[in-house]
Amino acid sequence: MVTTADGRAAPLPPFVQGAADGRYPNRLQREAFYPVAYRWMRFSRRMDERLFELFQKGYAKGTVTTGIGNEATSVGLAMPLRAGLDVVSVLHRDLASHLILGAKPYDIFCQYLANAESLTHAREGNCHYGNVHLRRFPMISHLGKMLSLVVGGTWSARRAGQAAFGLTVIGDGGTSNGEFHESLNVASVLRVPVIFLIENNHYAFSTPTSAQYRCRRLSDRAAGYAIEGATIDGTDPWQVYSTICDWLEAMDEDRMPRLLECDTLRLQGHAAYDKATYVDPAQLEAWQARDPLPKTRLLAAEIGGLGQSQIAAIEAEIDDEIEEAVKRAIAVGRPSPTNVPMTAYARGGPARVKAYRASRVKNGDAVNRALDYLLESDPRAVLLGLDIGVYGSAFKTCKGLLERHGAERVIDMPLCESAGIGFALGASQVASRPIYEFQFADFGTEACTQVGLNCGTWFFRSGHEAPLLLRLPCGGGVTMGAFHSGEFEGLWSRFSGLKLLYPATAQETFEAILAGYFDPNPCLVFEHKLLYWSKSGEIDFDGDLASVWRPRTYCQGDDLTIVALGAMVHESLQAAAKSERSIEVINPFVLQPLAIAPIVESVRKTGRLLVVQESGETQGLGDRIISLVSQRCHHRLKSPPRLVSAPDLPVPFAPELEGQTRPGWEKIDLAIEETCWDD
Ligand SMILES: Cc1ncc(C[n+]2csc(CCOP(=O)(O)OP(=O)(O)O)c2C)c(N)n1
Ligand SMILES: [Mg+2]
């Protein structure tokens with residue numbers, strides 16, 4: 001059974017005209033294949049030409065990258081696949097694949113015209129469309145970054161007992177990207193049956209393959225992953241189709257991924273603006289002679305038995321259908337901010353879950369209990385990360401989870417954070433709710449594109465939820481230097497579509513993990529390493545998830561508001577306890593979207609604000625909190641707001657040096673007096 005990301009049953013798509021018989025495990029013979037393939041290739045060619053014209057006339061927005069010359073590959077790769085079951089991501093030259101896998105010409109024109117009926121609500125452009133419901137993931141521009149999603153989605157479908165395959169496309173240029181290696185490696189190690197298909201059209205924009213790689217064939221790289229690889233003629237749709245059919249059969253047996261290089265063509269410039277003057281005219285002429293469309297037309301007649309009048313009728317029917325779609329699309333109105341929902345966040349998720357209570361729990365144990373709770377109560381939950389299995393994770397927060405929940409649910413990933421997050425995002429779209437642990441928050445930068453752009457924009461672009469929980473053990477004070485002590489909450493808060501939670505107590509830690517997990521958006525939970533095993537408290541969670549998303553106030557006061565993050569909460573509480581002033585200490589807890597109102601309310605009362613962060617002066621969120629509060633209640637401020645932070649430096653290694661830069665209660669104590677000087 002095919003299920004959607006939220007576990008609902010999804011019907012298989014309607015019969016795709018002409019291609020149904022060729023879908024795995026069925027297989028067309030050459031006679032039946034060529035007429036069908038030619039129809040799709042001709043359809044795609046004509047549509048590409050029309051899109052190009054519409055761009056030149058100003059209708060289509062952005063730019064147009066056509067698949068002219070690539071149709072044989074694009075058709076051959078898609079015809080065996082089952083839309084709604086197999087997990088797919090194709091590229092900017094694969095209009096034909098989209099059509100075969102269920103996209104409608106009218107919808108695609110609307111998408112390129114960015115009109116009121118655009119597939120992405122006109123929130124994203126041209127080729128960045130797909131159908132998540134049908135497991136055709138929409139590409140992002142960052143080449144290579146879709147491969148791991150297909151691996152994760154396919155893995156998840158298999159985990160759910162579905163006989164799905166994955167197919168993901170990359171260009172010759174894209175193969176130089178690190179994620180290409182990471183994704184192949186993950187697929188090989190975890191035995192995920194995905195075909196990685198390289199469309200080698202000899203150029204990446206203006207860069208020829210001679211400047212891109214040195215191996216003889218890109219499929220030679222398969223050996224490095226202990227998988228099968230092959231290079232075939234990508235201008236022959238039959239070769240592509242039958243190789244994919246053969247491989248799907250083989251993959252059903254051995255569950256291993258494969259690497260297929262298709263020698264294909266780009267018969268135009270890179271995109272509408274590119275005249276491809278860098279391509280030698282003799283080469284272009286040779287390519288034109290290999291144009292797959294007339295070749296396949298001939299074979300549709302010779303092998304497929306189509307008469308000339310039949311071919312002409314098919315072509316006329318295609319042209320009519322396309323013109324009709326263009327006419328309709330042009331008539332559609334422009335989108336307006338009033339009827340396009342302009343939000344980066346998906347809404348939803350359960351309001352209540354099971355309550356949980358425990359006493360004397362360390363913060364690190366609160367993590368463990370929250371993960372255990374999730375694995376116990378939701379079969380979709382899976383833990384991914386480095387050394388989280390047998391070792392129980394670097395800080396032991398996952399200890400015992402492998403034994404309790406098994407290797408199918410607690411998975412040690414290879415060391416590749418970017419593909420790890422892509423994998424998790426893909427899995428989140430196919431029946432899993434992944435929880436990914438970065439070994440240290442610092443290594444999150446490895447996955448900047450995946451977290452910040454792919455996950456963060458997923459809902460905005462596709463309209464589908466991206467329910468992912470990312471855990472980031474963070475912070476200093478543990479003599480770990482510049483690469484193991486960062487928080488990075490400032491960095492992540494710069495990306496839209498992410499939610500950030502920063503707990504400081506055991507209760508907050510438990511609540512943050514549950515709230516982040518059940519939220520339909522990518523949520524990052526910062527877990528301060530120093531607090532894991534040094535702080536403990538009660539957990540008294542009544543099951544009300546909505547009430548978790550609020551700042552935490554630890555003590556009331558009239559003289560000063562201290563806003564503190566992470567470990568600085570405890571330093572601030574210590575300073576407040578020693579001070580004679582009446583101090584209110586608040587932890588924003590939800591850093592994104594930042595709930596500033598309760599902080600503003602407190603400052604209106606106290607007239608003074610001190611923000612305490614462990615991050616460097618301009619690296620954290622303190623400057624933003626001060627700015628927002630100043631804008632909202634400047635006339636109530638009795639003294640200028642202050643920030644206690646580390647300097648803008650990498651975290652120094654030696655305890656004496658780190659102790660000097662990292663704020664502690666003494667510095668906070670001084671700042672309290674400076675802020676309250678007017679009293
Ligand atoms: C990571 C990344 N860097 C740069 C670009 C800009 N860019 C878009 S397409 C392209 C060329 C891609 O070549 P290739 O992978 O061979 O695919 P083709 O366009 O030839 O099908 C480049 C450099 C990008 N999209 N992603
Ligand atoms: Mg290329």
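So the values come out like this:
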read-out	value
When residues of segment 250-262 are limited to those that are out of contact with any strand residue (DSSP E or B) (no Cβ under 6 Å at 6 or more places or on another chain) and farther than 17 Å from A78 by Cβ, the one surrounded by the fewest Cβ atoms within 10 Å (Cβ to Cβ)	E253
Which numbered condition T154 fails, given (1) farther than 20 Å from V75 by Cβ; (2) within 16 Å of ligand 2 (Cβ to nearest atom)	(2)
Per-region count, segment 436-457, residues within 21 Å of R380 (Cβ to Cβ) and open to solvent by 10 Å² or more (accessible area, probe 1.4 Å)	0
Some residue of segment 124-141 being in contact with a Cys (Cβ under 7 Å, 6 or more places away or on another chain) and not acidic (D, E)	yes
Complete set of residues in segment 170-194 that are aliphatic (A, V, I, L, M), more than 11 Å from ligand 2 (Cβ to nearest atom) and open to solvent by less than 10 Å² (accessible area, probe 1.4 Å)	L184, V186, A187, V192, V194
Selection count where residues are surrounded by fewer than 16 Cβ atoms within 10 Å (Cβ to Cβ) and in a helix (DSSP H, G or I), scope segment 645-666	6
Criterion violated by D48 - all others in (1) surrounded by fewer than 24 Cβ atoms within 10 Å (Cβ to Cβ); (2) over 22 Å from G173 (Cβ atoms) satisfied	(2)
Sole residue being part of a loop (DSSP other than H, G, I, E, B), within 16 Å of ligand 2 (Cβ to nearest atom) and of a type outside the set (A, V, I, L, M), chosen from T65, T73, T120	T65
Residues of segment 601-633 classified as in a helix (DSSP H, G or I) and open to solvent by 10 Å² or more (accessible area, probe 1.4 Å), total	11
Extreme residue, nearest to ligand 1 (Cβ to nearest atom), among residues of segment 204-224 that are surrounded by fewer than 21 Cβ atoms within 10 Å (Cβ to Cβ) and in a helix (DSSP H, G or I)	T209
Condition broken by F52, with the remaining ones in (1) within 16 Å of ligand 1 (Cβ to nearest atom); (2) among the hydrophobic types (A, V, I, L, M, F, W, C); (3) not in a helix (DSSP H, G or I) satisfied	(3)
Test: residue in segment 195-217 that is more than 16 Å from ligand 2 (Cβ to nearest atom), over 25 Å from the mean Cα position of the chain (by Cα) and at pLDDT 95 or above	yes
Long-range neighbours under 6 Å by Cβ, at least six apart or interchain, first residue within 9 Å of G497 (Cα to Cα) within segment 449-463, second part of a helix (DSSP H, G or I)	C455/L425
Inter-residue pairs, beta-carbon under 7 Å, first assigned to a loop (DSSP other than H, G, I, E, B) and modelled with pLDDT of 95 or more and in segment 85-98, second acidic (D, E) and within 16 Å of ligand 2 (Cβ to nearest atom), 6+ apart	L91/E199; R93/E199
Odd one out for I668 among (1) touching a residue at least 60 places away in the same chain (Cβ under 8 Å); (2) within 19 Å of A575 (Cα to Cα); (3) of a type in the set (A, V, I, L, M, F, W, C); (4) touching a Lys or Arg at 6+ places or on another chain (Cβ under 8 Å)	(4)
Residues that are within 10 Å of ligand 1 (Cβ to nearest atom), assigned to a loop (DSSP other than H, G, I, E, B) and under 19 Å from E417 (Cβ atoms), drawn from segment 170-203	N177
Residue in segment 132-149 that is more than 16 Å from ligand 2 (Cβ to nearest atom), assigned to a loop (DSSP other than H, G, I, E, B), open to solvent by 10 Å² or more (accessible area, probe 1.4 Å) and polar (S, T, N, Q) present	no
For K638: the one exception among (1) in contact (Cβ under 8 Å) with a residue 40 or more places away in the chain; (2) out of contact with any Lys or Arg (no Cβ under 7 Å at 6 or more places or on another chain); (3) open to solvent by 50 Å² or more (accessible area, probe 1.4 Å)	(2)
Answer residue from segment 268-277, given it is open to solvent by 20 Å² or more (accessible area, probe 1.4 Å) and closer than 30 Å to A230 by Cβ and is nearest to ligand 2 (Cβ to nearest atom) among those	H270
Qualifying residue in segment 313-323 (condition: part of a loop (DSSP other than H, G, I, E, B) and either more than 23 Å from L500 (Cβ to Cβ) or open to solvent by 50 Å² or more (accessible area, probe 1.4 Å) (or both))	no
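The values are calculated or read from the model by the stated rules, or taken from the named source; none is laboratory data. Just so it is clear, the model here is predicted, and its values are computed rather than measured. So basically every Cβ, Gly included, is an ideal-geometry build from the backbone, and we count neighbours across all protein chains shown. Note: accessible area is taken over every heavy atom of the protein model, side chains too, but ligands, DNA and RNA are not part of it. Shrake-Rupley method; radii C 1.70, N 1.55, O 1.52, S 1.80 Å.
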